[in-house]
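One structure is given below, encoded as structure tokens.
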Amino acid sequence: MVYEAIAASGSSPYIWAYIITAFLSGLAFLYLSRIWDNVPRRFPIVHFFIVTWSGLMYLNFVEGQTLISDYAWYVDWMISTPLIVLALAMTATYKSEKNHYDLIAALMGLQFMLIVTGIISQEAAASTAYAFWIGCGLLAGVAYLLWVPFRKIAEETSDVLAKKYKLLAGYITVFFALYPAAWYLSEVVYPEGPAMLGAFETSLAFVILPFFCKQVYGFLDMYLIQKAGEEI
Amino acid sequence: MVYEAIAASGSSPYIWAYIITAFLSGLAFLYLSRIWDNVPRRFPIVHFFIVTWSGLMYLNFVEGQTLISDYAWYVDWMISTPLIVLALAMTATYKSEKNHYDLIAALMGLQFMLIVTGIISQEAAASTAYAFWIGCGLLAGVAYLLWVPFRKIAEETSDVLAKKYKLLAGYITVFFALYPAAWYLSEVVYPEGPAMLGAFETSLAFVILPFFCKQVYGFLDMYLIQKAGEEI
Amino acid sequence: MVYEAIAASGSSPYIWAYIITAFLSGLAFLYLSRIWDNVPRRFPIVHFFIVTWSGLMYLNFVEGQTLISDYAWYVDWMISTPLIVLALAMTATYKSEKNHYDLIAALMGLQFMLIVTGIISQEAAASTAYAFWIGCGLLAGVAYLLWVPFRKIAEETSDVLAKKYKLLAGYITVFFALYPAAWYLSEVVYPEGPAMLGAFETSLAFVILPFFCKQVYGFLDMYLIQKAGEEI
């Protein structure tokens with residue numbers, strides 16, 4: 001039902017624009033990693049997968065109904081949003097001497113579960129409220145990890161890094177809070193709610209938000225890491 | 001077909017009790033990690049995900065038919081049971097100086113494949129026997145890894161740790177053997193079999209068994225680790 | 001639709017032969033790891049999962065229609081082909097002192113995305129071309145990683161290892177290029193294409209190709225590692 005609404009809403013040109021910028025950004029990240037040689041290789045790799053995976057999933061909205069078309073956003077987010085918070089965690093722990101595997105796994109696990117609450121909410125027509133609010137609780141947990149333990153790790157490394165990390169973490173926190181807002185207001189994914197966004201507005205919202213959280217964020221992260229590398 | 005049978009069987013209050021204890025235990029593990037400060041942070045993290053993931057999946061039995069309702073147990077177990085054996089492996093290798101990534105990956109991989117044989121068995125109406133018995137073979141492999149290499153690693157560390165590890169491994173081995181027994185006897189998931197457990201008894205069995213394997217096990221594991229830390 | 005065509009094509013005996021050799025090879029790898037004691041334990045573990053996972057998935061073609069029968073190849077490949085390239089990467093980095101987690105994750109991630117393009121291509125009846133060609137681009141990326149950075153890592157270790165690595169990488173590159181060729185020519189998975197292979201020929205192709213890429217490859221890899229261990 002989601003696919004039909006999206007496909008009929010006339011948002012295809014915007015979705016194509018998203019897909020094309022996603023793949024071009026992926027290639028650009030790989031190219032930039034050759035120029036900015038003080039950016040560790042793991043950053044362009046993670047950002048490459050964030051944008052290309054997302055671009056591939058958006059093909060499901062323009063390419064004819066597929067098995068996952070109604071869930072393409074979630075299949076996108078299940079992989080790409082844990083990678084987005086992984087990139088943040090890698091930025092915070094960039095020069096840290098200890099390993100922080102436990103915290104990084106907790107952060108990515110919370111983010112993954114958050115997306116799964118979205119799938120359950122979309123499906124369970126009767127009473128989506130529980131899964132939706134559990135998801136909001138998990139988002140609060142993600143924000144806590146970003147702003148308390150990971151901020152501390154960045155601050156212990158250097159002031160320069162901490163400043164850049166806080167900029168990135170603030171950027172992602174704001175955009176991630178807009179996702180459930182758009183989800184809640186959409187009549188396509190949550191028809192029982194306020195239903196203020198139609199199919200066209202929903203698909204536009206889910207083109208604009210990820211464009212800033214994936215394509216733009218990738219450049220921003222790599223640029224700030226490169227700057228931090230020069231200054232430290 | 002599984003969901004309808006469960007939902008109509010009157011087991012909802014028990015399932016709700018399971019979900020609520022799951023989320024409360026998850027929070028309790030995080031709280032305990034502040035009090036028992038000699039328990040490494042990775043233990044409460046793993047146990048938090050075991051119970052909250054399971055609780056989230058059980059929402060699919062009480063929240064109205066969803067895409068995964070008929071498979072909610074398997075989607076639960078695919079994530080939570082590899083984490084349960086991970087917690088055991090982490091207990092055995094708790095103070096080990098070597099890393100044991102290869103053995104831990106083998107243990108978690110076997111456990112994951114075991115759950116997938118359950119999905120195939122439930123689906124393949126004609127002749128589930130092959131997948132079921134392959135699953136039993138994989139369970140024997142999991143038990144072998146727990147009782148031979150990981151027991152040795154625990155014994156090499158200290159007698160105190162080995163004693164506690166063997167208690168936990170015995171506890172999990174017994175409960176894990178009860179799962180396929182309940183599965184085999186259930187008329188909901190395996191109607192061709194003896195069909196001794198109806199929908200109510202099946203859902204009750206799959207509330208009681210995981211309660212001991214997840215909520216109780218989490219407390220037990222963290223308590224024994226904390227004791228071992230004091231004694232070593 | 002795929003399952004019905006395969007099941008009616010008379011290829012069941014070949015599929016059974018594949019399943020049986022898969023499980024026997026898995027056991028043989030574990031046995032060989034006791035004899036060839038200079039082969040690190042991670043090699044038999046990875047090859048065990050490659051063949052047993054594949055064998056388990058092929059049960060979906062002979063055991064009666066299941067939820068994943070139409071996608072059983074992809075569910076097989078999503079797990080087994082990233083493990084195949086992992087085995088190659090482990091061979092190249094076998095004695096390397098640095099860790100190469102970033103490159104290994106990139107290699108496995110590309111291979112995983114490649115398989116997902118196959119699922120989208122099979123489903124999107126209207127215009128599969130985009131996903132198929134993106135998949136071919138990802139395959140080129142996999143080949144690049146195998147032949148440039150990983151070849152260099154093997155060459156830095158020793159000439160003996162590099163020679164054996166290049167043999168294995170060439171073997172896998174050739175077979176992996178035959179997969180999309182068979183896929184493209186099959187009338188079952190891609191009816192809009194040239195449709196030169198019927199259901200029987202398709203299932204035979206997808207028995208022969210994986211037999212060489214999984215069972216034979218596992219023995220070859222472990223044998224060459226054991227030889228390299230003797231010579232270095």
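The values are calculated or read from the model by the stated rules, or taken from the named source; none is laboratory data. Predicted, not measured: the structure shown is a model, and the values here were computed from it. Cβ: placed from backbone, ideal geometry, glycine included. Neighbour counts: every protein chain shown.
Taking segment A:56-87 as the search range and keeping residues that are of a type in the set (D, E, K, R) and outside any loop (DSSP other than H, G, I, E, B), which one is farthest from A:G109 (Cα to Cα)?
Here the answer is A:D70.
Scanning for something under 29 Å from C:F61 (Cβ atoms), of a type outside the set (S, T, Y), away from chain A (no Cβ under 12 Å) and in contact with a Ser or Thr (Cβ under 6 Å, 6 or more places away or on another chain), does segment B:66-73 turn up at least one residue?
No, every residue in segment B:66-73 fails to be under 29 Å from C:F61 (Cβ atoms), of a type outside the set (S, T, Y), away from chain A (no Cβ under 12 Å) and in contact with a Ser or Thr (Cβ under 6 Å, 6 or more places away or on another chain).
Exactly one of (1) within 18 Å of A:Y217 (Cβ to Cβ); (2) polar (S, T, N, Q); (3) not in a helix (DSSP H, G or I) is unmet by A:S25. Its number?
(3)
Those residues that are free of Cβ contacts under 8 Å to residues at least 24 places away in the same chain, crowded, with 18+ Cβ neighbours inside 10 Å and small (G, A, S), I need them from segment C:173-202; list them, please.
Within segment C:173-202, C:S186 is the sole residue that qualifies.
What is the number of the single condition among (1) at pLDDT 90 or above; (2) over 25 Å from B:T202 (Cβ atoms) that B:D37 does not meet?
Only one criterion in (1) at pLDDT 90 or above; (2) over 25 Å from B:T202 (Cβ atoms) is unmet by B:D37, namely (1).
Which one is nearest to the other protein chains (Cβ to nearest Cβ) among residues in segment C:88-108 that are in a helix (DSSP H, G or I) and either buried (at least 22 other Cβ atoms within 10 Å of the Cβ) or of a type in the set (S, T, Y) (or both)?
It comes out as C:A106.
If you take the residues of segment C:23-32 that are farther than 11 Å from C:S54 by Cα and free of Cβ contacts under 8 Å to residues at least 40 places away in the same chain, which of them is surrounded by the most Cβ atoms within 10 Å (Cβ to Cβ)?
Across segment C:23-32, the extreme among qualifying residues is C:L30.
Can you say whether B:K152 is more than 14 Å from chain A (Cβ to nearest Cβ), surrounded by fewer than 20 Cβ atoms within 10 Å (Cβ to Cβ) and among the charged types (D, E, K, R), as far as the supplied structure shows?
Taking the combined requirement at face value, the residue satisfies it.
Among B:R42, B:R34, which is more than 10 Å from chain A (Cβ to nearest Cβ) and either among the basic types (K, R) or in contact with a Cys (Cβ under 8 Å, 6 or more places away or on another chain) (or both)?
B:R34
Working only within segment B:183-202, note down all residues that are of a type in the set (V, I, T) and assigned to a helix (DSSP H, G or I).
B:T202
Can you tell me which condition B:G55 does not meet? The list is (1) of a type in the set (G, A, S); (2) more than 25 Å from A:L114 (Cβ to Cβ); (3) at pLDDT 90 or above, and all the others hold.
Failing condition for B:G55: (2).
With respect to A:I134, determine if the residue is in a helix (DSSP H, G or I), in contact with a Gly (Cβ under 9 Å, 6 or more places away or on another chain) and within 14 Å of chain B (Cβ to nearest Cβ).
yes
If only one of B:I20, B:I79, B:I68, B:I35 is surrounded by fewer than 20 Cβ atoms within 10 Å (Cβ to Cβ) and within 21 Å of B:M113 (Cα to Cα), which one is it?
None of the other options fit; the residue is B:I68.
With (1) surrounded by fewer than 22 Cβ atoms within 10 Å (Cβ to Cβ); (2) under 27 Å from B:M90 (Cα atoms); (3) small (G, A, S) as the list, and A:A162 as the residue in question, which single condition is left unmet?
All conditions are met except number (2).
Working carefully through the options C:A205, C:A169, C:A143, C:A154, find the one that is assigned to a helix (DSSP H, G or I) and closer than 28 Å to A:S54 by Cα.
Answer to the selection: C:A143.
Any residue at all in segment C:7-18 that's within 11 Å of another protein chain (Cβ to nearest Cβ) and within 20 Å of C:V216 (Cα to Cα)?
The answer is yes, given that some residue of segment C:7-18 is within 11 Å of another protein chain (Cβ to nearest Cβ) and within 20 Å of C:V216 (Cα to Cα).
Would you check which residues across segment A:109-131 are assigned to a helix (DSSP H, G or I) and either β-branched (V, I, T) or modelled with pLDDT under 90 (or both) and list them?
Matches in segment A:109-131: A:I115, A:V116, A:T117, A:G118, A:I119, A:I120, A:S121, A:Q122, A:E123, A:A129, A:Y130, A:A131.
Would segment A:53-62 turn up any residue that is within 30 Å of A:A228 (Cα to Cα), in contact (Cβ under 8 Å) with a residue 40 or more places away in the chain and in contact with a helix residue (DSSP H, G or I) (Cβ under 8 Å, 6 or more places away or on another chain)?
yes
What are the residue pairs meeting all of these: first residue in segment C:208-232, first residue under 23 Å from C:E156 (Cβ atoms), second residue of a type in the set (K, R), Cβ atoms under 6 Å, and 6 or more apart or on different chains?
Taking only residues 6 or more apart or on different chains, the pairs are C:L224/C:K164; C:A228/C:K164.
Say whether the condition of being over 30 Å from A:W16 (Cα atoms) and either at pLDDT 90 or above or out of contact with any Asp or Glu (no Cβ under 6 Å at 6 or more places or on another chain) (or both) is met by at least one residue in segment C:175-184.
For segment C:175-184, residues over 30 Å from A:W16 (Cα atoms) and either at pLDDT 90 or above or out of contact with any Asp or Glu (no Cβ under 6 Å at 6 or more places or on another chain) (or both): present.
Just wondering, is there one or more residues in segment B:150-162 that are at pLDDT below 95, out of contact with any strand residue (DSSP E or B) (no Cβ under 8 Å at 6 or more places or on another chain), over 30 Å from B:V39 (Cβ atoms) and among the aliphatic types (A, V, I, L, M)?
no
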